[in-house]
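Worksheet: the structure to be examined is printed underneath.
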Amino acid sequence: MEWGLRNRLSRIIRPTTGHTVMLAVDHGYFLGPTRRLEVPRKTIEPLIPYADALMITRGVVRTSIDPRTNVPIVLRVSGGASVLNEDLSHEAVTTSMKDAVRINASAVAMSIFVGAPHEHDSLVNLGELVNLGEEHSMPVLAVTAVGKELEKRDARYLSLACRMAAEFGAHFVKTYYCDPGFDKVVESCPVPVVVAGGPKLETAADVLELTHASIGAGAAGVDMGRNIWQSDDPVGMIRAVRSIVHEGATAKEALGDLKGGKGKR
Ligand code: 5RP
């Protein structure tokens, strides 16, 4: 891997632990003002000290993040369909590589929609984004299994989608956890896999168990949104997640810290 590309990627996946806690706040690009992300700055600012990277759109970077903040940006560069549309897979690359470089992004991210009506376009777009990424030493994160494909997120489907993303040249892949078989998903994907949290889970214990199981199965980390900032204690939750991802805490230990008030870790 080229030096600049490795350097950018190592800003996101910490070389000291080989893991990452990315904070996903890009939801507005198709969901609008999602609950608890209505005023992005208010939600995001307190969490920045605990995030290894922010997954975010250029609009929210420019309006809601202090440019003096030294948090790596994983820039969501795809879009084109809203939640009102039956078919969420009709996306294109909407933010240029030039703009990503201007923002000083550490990576760019786009969704692919394997098995959906616009599968072909999303895959071709991924190939083109990787071509540009290689030219600019910009890592590409492929996001798989969003939208209707969520219904099919068993190990077989996720292995297919993640592997295809890696074969197209994505430098890391974001997908959902599944049980059984997530270890096989990770094993058959030759680039690092980060796990999305998905819609808010019922309890904090569920979130921490998901995190622990993902890391145990070989994931490089999480790229989590709603289960952090929709929780009653977002800072406590991201700290608890960090303790699992970076310090090897069990879900129980992390939950104990969370309940005991603001992670000792
Ligand atoms: C949407 C995304 C989101 O960033 C992703 O869903 C992660 O957030 P959450 O943990 O809330 O699911 O990529 O396309």
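Taking each residue of segment 99-115 that is on the phi < 0 side of the Ramachandran plot and surrounded by 18 or more Cβ atoms within 10 Å (Cβ to Cβ) and looking for partners that are of a type in the set (D, E, K, R) and assigned to a strand (DSSP E or B) with beta-carbon atoms closer than 6 Å, six or more apart or interchain, yields A109/R76. For segment 183-212, a tally of residues being in contact with a Leu (Cβ under 7 Å, 6 or more places away or on another chain), in contact (Cβ under 8 Å) with a residue 40 or more places away in the chain and away from the ligand (no atom under 15 Å from the Cβ) returns 1.
Within segment 95-121, if we keep just the residues that are under 19 Å from the mean Cα position of the chain (by Cα) and closer than 26 Å to Y157 by Cβ, the residue that is nearest to the ligand (Cβ to nearest atom) turns out to be S111.
Just one of the listed residues (A81, A100) is under 23 Å from G197 (Cβ atoms) and small (G, A, S), and it is A81.
Kindly establish whether G127 is assigned to a loop (DSSP other than H, G, I, E, B) and surrounded by fewer than 19 Cβ atoms within 10 Å (Cβ to Cβ). Even if it seems obvious, please write down each step before you answer.
On the way: assigned to a loop (DSSP other than H, G, I, E, B): no; surrounded by fewer than 19 Cβ atoms within 10 Å (Cβ to Cβ): yes.
Criteria not met by G127.
Residues in segment 12-68 that are outside any helix (DSSP H, G or I), without any contact (Cβ under 8 Å) to a residue 12 or more places away in the chain and among the basic types (K, R): R68 only.
Counting the residues of segment 42-59 that are surrounded by fewer than 20 Cβ atoms within 10 Å (Cβ to Cβ) and among the β-branched types (V, I, T) gives 1. Screening V124 with (1) hydrophobic (A, V, I, L, M, F, W, C); (2) more than 23 Å from L31 (Cα to Cα); (3) touching a residue at least 40 places away in the same chain (Cβ under 8 Å) gives one miss only, at (3).
Per-residue answers, yes or no, for (1) without any contact (Cβ under 8 Å) to a residue 60 or more places away in the chain; (2) surrounded by fewer than 16 Cβ atoms within 10 Å (Cβ to Cβ); (3) within 15 Å of the ligand (Cβ to nearest atom); (4) among the hydrophobic types (A, V, I, L, M, F, W, C):
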site	(1), (2), (3), (4)
S214	yes, no, yes, no
A217	yes, no, no, yes
G221	no, no, yes, no
W229	no, no, yes, yes
T250	yes, yes, no, no
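Values quoted throughout were computed directly from the atomic coordinates according to the rules given, and no laboratory measurement underlies them. All figures in this text were calculated on a predicted structure; none of them were measured in a lab. Don't worry about glycine lacking a Cβ; one is built from the backbone with ideal geometry, like all the others, and counts go over all protein chains shown.
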